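Data first, discussion second: the structure below is written as structure tokens.
The values are calculated or read from the model by the stated rules, or taken from the named source; none is laboratory data. Every value quoted in this text rests on a predicted model; they were computed, and no experiment measured them. Please note: Cβ atoms are built from the backbone with ideal geometry, for glycine as well, and neighbour counts cover all protein chains shown.
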Amino acid sequence: MYKLLSHNDLDGIGCGIVAKLAFGDDVNVRYNSVQMLDREVERFLGEGNTGTELIITDLSVDEENETRIEEFIKKGGKVTLIDHHKTALHLNEYEWGNVTVEQEDGKLTSATSLLYAWLIDKGFLEPTRAADEFVELVRQYDTWEWEKNGNDKARRLNALFFMGSFDEFESKMLERLQSDSPFQFDPFEKQLLDMEDDKMARYIRKKRREMVQLEHEGLYAGVVHAESYHSELGNELGKENPHLDYIVILNMGGRKVSFRTVHDDVDVSQVAGTFGGGGHAKASGASMSKEAFASYVEAAFQKEPLREDARHTRYNLKESPFGTIYRAPEGDLYFVHPIEDGRWGIERNGRTQDETFATFFDAEKFLKRERSVWLLNDDQFVKFLLDRLQKAEKGE
Ligand SMILES: [Mn+2]
């Protein structure tokens, strides 16, 4: 018998699925949150059932469990831990620790890809084409490589996983992975996923209009309340507002704050750390402490949402040699245009400002941060140019 303790996300479930492919009814699988794992490991080891081999995937154990595992093995028990998180590398000093962060080709690993390779290597599992493809989708999703590769199938696999129960997902996948044909969604799943994508796009459009901008400890943040689609929302808002250092997503019901950034030079695990939280450089989180509440909820509530840039403009274009026109909330018009030496200058209501900038985007960043401006549409741009021309003719 085998006991598999795995994580409760797509990569964790992927481990459960390939374990069941290999061991069938001989494996008992349980999915855990990061916080729950150590209790489950302790409980299993406490039972002293050395006839059942313990496999832990996508999660790591604390120091007490390291000691307990060593004792369990001395009594004849068998344990294997397979993980891909850098923070677990110290477990490799044990016989039972198998932590690998990178594949031989330099790509990042996932727990599912590691367990799959391990099962094949030990002769417990025959690879199939569908299983190979499924494991690769899980790996790309878990490492965010799908985003770089534009692999939408990986993102949709995760969306499908969130739509139903764990059991449903497991049994559907198990059946599919035994086949040697390519891994595919069935027509009904495709329809559901399309509907889900539409729903998400509408949600993100609405949230785009609710985002408030504020400065916190020298960094600029876009703040929005949202309970769903945190990754996609953080990514979308971050990409659309490159002048912001990071995006804050507030979940009042869950009393949680999430931080996301699209910038390589911003580390949101540090931001989360100042509120007692943590995570990765590009995605992190913290509980809604009093300090976080004051910094983001209260501070943002006093402010108007940031207006969005006009979309699909043909004349009022960013970085245009003819200049680009923006408006600020109090009504001021800002004209960003090239000046001598390849630099960019700003006019405010027709008056040249002192500051000049090395690039167009530096000028825009300054205006968006300091003046909360938004790009005007083509009609407003044409009107601005006509007004300017008339004034010039009158010699104003
Ligand atoms: Mn993982």
query: So which of 388, 307 is within 28 Å of the chain's Cα centre (by Cα) and either part of a strand (DSSP E or B) or surrounded by 12 or more Cβ atoms within 10 Å (Cβ to Cβ) (or both)?
result: 307
query: Given the conditions (1) at pLDDT below 95; (2) surrounded by fewer than 16 Cβ atoms within 10 Å (Cβ to Cβ), which single one is not true for residue 142?
result: (2)
query: Can you find a residue in region 243-258 that is more than 21 Å from residue 362 (Cα to Cα), out of contact with any strand residue (DSSP E or B) (no Cβ under 7 Å at 6 or more places or on another chain), basic (Lys, Arg) and without any contact (Cβ under 8 Å) to a residue 40 or more places away in the chain?
result: no
message: Could you list, ordered by first residue, the pairs with Cβ atoms under 8 Å in which the first is in region 354-367 and loosely packed, with under 15 Cβ neighbours inside 10 Å and the second is among the charged types (D, E, K, R) and not in a strand (DSSP E or B), at least 6 apart or interchain?
response: 358/343
task: Consider only pairs whose beta carbons are under 8 Å apart and that are at least six residues apart or on different chains; among these, list those whose first residue lies in region 1-14 and is polar (S, T, N, Q) and whose second residue is in a strand (DSSP E or B) and more than 8 Å from the ligand (Cβ to nearest atom).
output: 6/29; 6/30; 6/31; 6/32; 6/56; 6/57; 8/31; 8/32
- prompt: Among the residues of region 137-194, which ones are hydroxyl-bearing (Ser, Thr, Tyr), within 16 Å of the ligand (Cβ to nearest atom) and touching a Ser or Thr at 6+ places or on another chain (Cβ under 7 Å)?
  reply: 143
- request: Kindly list the number of the only condition in (1) within 30 Å of the chain's Cα centre (by Cα); (2) part of a loop (DSSP other than H, G, I, E, B); (3) closer than 24 Å to residue 215 by Cα that fails for residue 318.
  value: (3)
field: Selection within region 44-100 - of a type in the set (A, V, I, L, M, F, W, C) and away from the ligand (no atom under 16 Å from the Cβ)
entry: 44, 45, 54, 69, 72, 73, 79, 96
statement: In region 276-304, anything over 15 Å from residue 254 (Cβ atoms) and part of a helix (DSSP H, G or I) is listed as 290, 291, 294, 295, 298, 299, 300, 301
- prompt: Of all residues in region 1-26, which are among the aliphatic types (A, V, I, L, M), in a helix (DSSP H, G or I) and away from the ligand (no atom under 14 Å from the Cβ)?
  reply: 19, 21, 22
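If we scan region 61-68, do we find a residue that is among the polar types (S, T, N, Q), outside any helix (DSSP H, G or I) and out of contact with any Phe, Trp or Tyr (no Cβ under 8 Å at 6 or more places or on another chain)?
No, region 61-68 has no match at all.
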query: In the set 117, 111, 130, which member is buried (at least 16 other Cβ atoms within 10 Å of the Cβ), more than 16 Å from the ligand (Cβ to nearest atom) and modelled with pLDDT of 95 or more?
result: 130
query: Any residue in region 27-43 that is of a type in the set (Lys, Arg), part of a helix (DSSP H, G or I) and within 16 Å of the ligand (Cβ to nearest atom)?
result: no
- request: Confirm whether residue 106 is away from the ligand (no atom under 16 Å from the Cβ), at pLDDT below 95 and either under 25 Å from the mean Cα position of the chain (by Cα) or under 19 Å from residue 33 (Cα atoms) (or both).
  value: yes
